[in-house]
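Novice: The following block contains the structure, expressed as structure tokens.
The values are calculated or read from the model by the stated rules, or taken from the named source; none is laboratory data. Computed from a predicted model, the values in this text were never measured in an experiment. Positions of Cβ are backbone-derived with ideal geometry, glycine not excepted, and every protein chain shown enters the neighbour counts.
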Amino acid sequence: MIHKLLNATTFFLVLIILVVSITAGMLYIQLRTDSVSALLTEDPRLNALVVAHDGTEPFLSFLIFYDDRTNRAAVLDIPNSVGAVLHTIGRVDGIDAVFDPDDPEPYRRQVESMTGVSIPLVFTYERDNLVDFIDLMGGMELFIISDYRELGGSDPVLMPSGSTRLDGAKSVSYLHQPGERDLDLEQVGRRQAFVQSFLRELGRNAEFLRHSDVIPVRDRMIKTSVESRGISTFIRALGTINPDRIVRRRIQGTVRQVEVNGTPRNLLFPHFEGEWLKQSVQQIRQTLTNPDGDFEEETLVALEVLNGTARTGLARRTSELFESFGFQVHSVGNAETSDIEHTLVVDRRGIGDLAQRVADVIDGRRVVTEIRPESEVDVTVILGGDFDGTRVRSDGQ
């Protein structure tokens, strides 16, 4: 009897020790695993929204697409003037109208709706904090697109075009000039150059920014729901990116004037109610999964887009679609006839898979080769009746 009691007691003790050990192990793993690592474990493709603001509205907003398998990244510039139906405030306006420095959640949801992807990470900087963060990294190497002069204030800024290293105040001053229209191509170029330089400096300083003595200072400059360990993991990931291979994209669309609260405002409405933008985002994410693929190669592909239908402006709108994917449209025009039934992609060079890459953008299945050594374009796209404005319908093949 005593022997049976001892066996039962021993069994229960072993069971208790086992349960305690498993619980302790799970707690240890949870404590050691941050939210960003957990996200990358679920899906190696990670999206993050970064916003810099002046206390009321953003002056820099961009979406980072990162693939942990290839350590490649792309950046989508998001101007304030992107127009949308903002259900939370009940009107058509620029997406900046829903931005709140104290609660970026509505803004995040709007960008998610616009791009069609989940954005689990949001990082915001108030202007002065962005200045301090850049100074913490030792400044930024910026390429000044054209001679820049800011003569107002007590410290006039004069910067010649070309590469130069700037401190935080001058970097942000170059980026953000109150009153400038964020749809101007020069301003778009400034934002894209700034973001590429910013990510380059993050990569160079990744180890420094994750040092235990630096982390408390760093975290005071960034507003996010991500815990400190998660911020470090995200910075580590960005440190693996080759900044010269970062893909830079901007939103393509039509600028229309809209009256907002009695004041006219120019807004950029993405083409085809945003479907092109969502397709561009998916194409970018897919390309990032290829470690050898290079977006820069695509910018060298010269296209000719011809409208073989009776729909006015189809070739022009489609050319903007190809440009949003990084291709270079050399010419736009009409085909010899306006009753072409099937869309055709014609390879004029016979170099690699250039024509197929073009066809993949619009789901084209008819690709032929007609070499013309004297041609100024690499590929000709002839749009037919089976093209719905964004893709070739399968039932038209």
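Novice: State whether one or more residues within segment 107-115 are over 24 Å from TYR174 (Cα atoms), among the aromatic types (Phe, Trp, Tyr) and not in a loop (DSSP other than H, G, I, E, B).
Specialist: So far as segment 107-115 goes, yes, one or more of its residues are over 24 Å from TYR174 (Cα atoms), among the aromatic types (Phe, Trp, Tyr) and not in a loop (DSSP other than H, G, I, E, B).
Novice: Here is a further query. Confirm whether ARG165 is modelled with pLDDT under 95 and in a helix (DSSP H, G or I).
Specialist: For ARG165, the condition - modelled with pLDDT under 95 and in a helix (DSSP H, G or I) - is not met.
Conditions (1) charged (D, E, K, R); (2) closer than 16 Å to TYR125 by Cβ; (3) buried (at least 22 other Cβ atoms within 10 Å of the Cβ); (4) in contact with a Ser or Thr (Cβ under 8 Å, 6 or more places away or on another chain), marked per residue:
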| residue | (1), (2), (3), (4) |
| --- | --- |
| SER61 | no, yes, yes, no |
| ASP67 | yes, no, yes, yes |
| SER81 | no, no, no, no |
| HIS87 | no, no, no, no |
| ASP93 | yes, no, no, no |
| PRO104 | no, yes, yes, yes |
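Novice: In segment 185-210, which residues are polar (S, T, N, Q) and either in contact with a helix residue (DSSP H, G or I) (Cβ under 7 Å, 6 or more places away or on another chain) or under 18 Å from VAL131 (Cα atoms) (or both)?
Specialist: Result: GLN192, GLN196, SER197, ASN205.
Novice: Which of the residues belonging to segment 228-245 are surrounded by fewer than 19 Cβ atoms within 10 Å (Cβ to Cβ), touching a residue at least 24 places away in the same chain (Cβ under 8 Å) and under 27 Å from PHE325 (Cα atoms)? If you could, list the steps in order and put the result at the bottom.
Specialist: First, pick out the residues of segment 228-245 that are surrounded by fewer than 19 Cβ atoms within 10 Å (Cβ to Cβ): 228-229, 236, 239-240, 242-245.
Now restrict to residues that are touching a residue at least 24 places away in the same chain (Cβ under 8 Å): 229, 236, 239-240, 242-243, 245.
Once the filter is applied, which keeps residues that are surrounded by fewer than 19 Cβ atoms within 10 Å (Cβ to Cβ), touching a residue at least 24 places away in the same chain (Cβ under 8 Å) and under 27 Å from PHE325 (Cα atoms), segment 228-245 yields GLY239, THR240, ASN242, PRO243, ARG245.
Here's the yes/no breakdown for (1) closer than 14 Å to ALA193 by Cα; (2) assigned to a loop (DSSP other than H, G, I, E, B); (3) of a type outside the set (Phe, Trp, Tyr); (4) modelled with pLDDT under 70:
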position	(1), (2), (3), (4)
SER146	yes, yes, yes, yes
ARG149	no, no, yes, yes
GLY153	no, yes, yes, yes
SER171	yes, no, yes, no
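Novice: Name the single residue that is modelled with the highest pLDDT among those in segment 316-350 being in a loop (DSSP other than H, G, I, E, B) and buried (at least 20 other Cβ atoms within 10 Å of the Cβ).
Specialist: Filtering segment 316-350 for residues that are in a loop (DSSP other than H, G, I, E, B) and buried (at least 20 other Cβ atoms within 10 Å of the Cβ), the one modelled with the highest pLDDT comes out as THR343.
Novice: OK, next. What number of residues within segment 351-374 are among the β-branched types (Val, Ile, Thr), farther than 23 Å from ARG250 by Cβ and surrounded by 16 or more Cβ atoms within 10 Å (Cβ to Cβ)?
Specialist: 1
Novice: Regarding PHE269, is this residue buried (at least 20 other Cβ atoms within 10 Å of the Cβ) and closer than 29 Å to GLY326 by Cα?
Specialist: For PHE269, the condition - buried (at least 20 other Cβ atoms within 10 Å of the Cβ) and closer than 29 Å to GLY326 by Cα - is not met.
Novice: If you don't mind, another one. Of these, GLY313, GLY308, GLY384, which one is surrounded by fewer than 18 Cβ atoms within 10 Å (Cβ to Cβ), more than 25 Å from the chain's Cα centre (by Cα) and either aliphatic (A, V, I, L, M) or more than 30 Å from ARG72 (Cβ to Cβ) (or both)?
Specialist: After applying the criteria, what remains is GLY313.
Novice: Going by the structure shown, is VAL217 assigned to a helix (DSSP H, G or I) and of a type in the set (Val, Ile, Thr)? Walk me through how you get there before you give the answer.
Specialist: Working: assigned to a helix (DSSP H, G or I): yes; of a type in the set (Val, Ile, Thr): yes.
In short, yes.
Novice: Is one or more of the residues making up segment 44-62 more than 27 Å from VAL98 (Cα to Cα), free of Cβ contacts under 8 Å to residues at least 40 places away in the same chain and not β-branched (Val, Ile, Thr)?
Specialist: Checking segment 44-62: at least one residue is more than 27 Å from VAL98 (Cα to Cα), free of Cβ contacts under 8 Å to residues at least 40 places away in the same chain and not β-branched (Val, Ile, Thr).
Novice: For segment 362-397, give me each residue that is part of a strand (DSSP E or B) and either touching a residue at least 40 places away in the same chain (Cβ under 8 Å) or of a type in the set (A, V, I, L, M, F, W, C) (or both).
Specialist: Passing the criteria: VAL367, VAL368, VAL379, THR380, VAL381, ILE382, LEU383, PHE387, VAL392.
Novice: Please work out which residue is modelled with the lowest pLDDT, limiting yourself to segment 124-144 and to residues that are surrounded by 15 or more Cβ atoms within 10 Å (Cβ to Cβ) and more than 16 Å from LEU199 (Cα to Cα).
Specialist: Looking at the filtered set, the residue picked out is ILE144.
Novice: Among the residues in segment 362-375, are any under 24 Å from GLU273 (Cβ atoms) and in contact with a Leu (Cβ under 7 Å, 6 or more places away or on another chain)?
Specialist: No.
Novice: So if I check each of GLN252, GLN279, GLN257, which one is in contact with a Pro (Cβ under 9 Å, 6 or more places away or on another chain), surrounded by 16 or more Cβ atoms within 10 Å (Cβ to Cβ) and polar (S, T, N, Q)? Spell out the reasoning first.
Specialist: Details: GLN279 fails: in contact with a Pro (Cβ under 9 Å, 6 or more places away or on another chain); GLN257 fails: surrounded by 16 or more Cβ atoms within 10 Å (Cβ to Cβ).
After ruling out the rest, the residue left standing is GLN252.
Novice: A further question follows. Pairs only if they're at least six apart or on different chains, beta carbon under 7 angstrom, first in segment 96-119 and farther than 15 Å from PRO79 by Cα, second of a type outside the set (D, E, K, R) and assigned to a helix (DSSP H, G or I); list them, first residue then second.
Specialist: From residues that are farther than 15 Å from PRO79 by Cα, the pairs are ASP100/PRO106; PRO106/VAL98; GLY116/VAL281; VAL117/VAL281; ILE119/VAL111.
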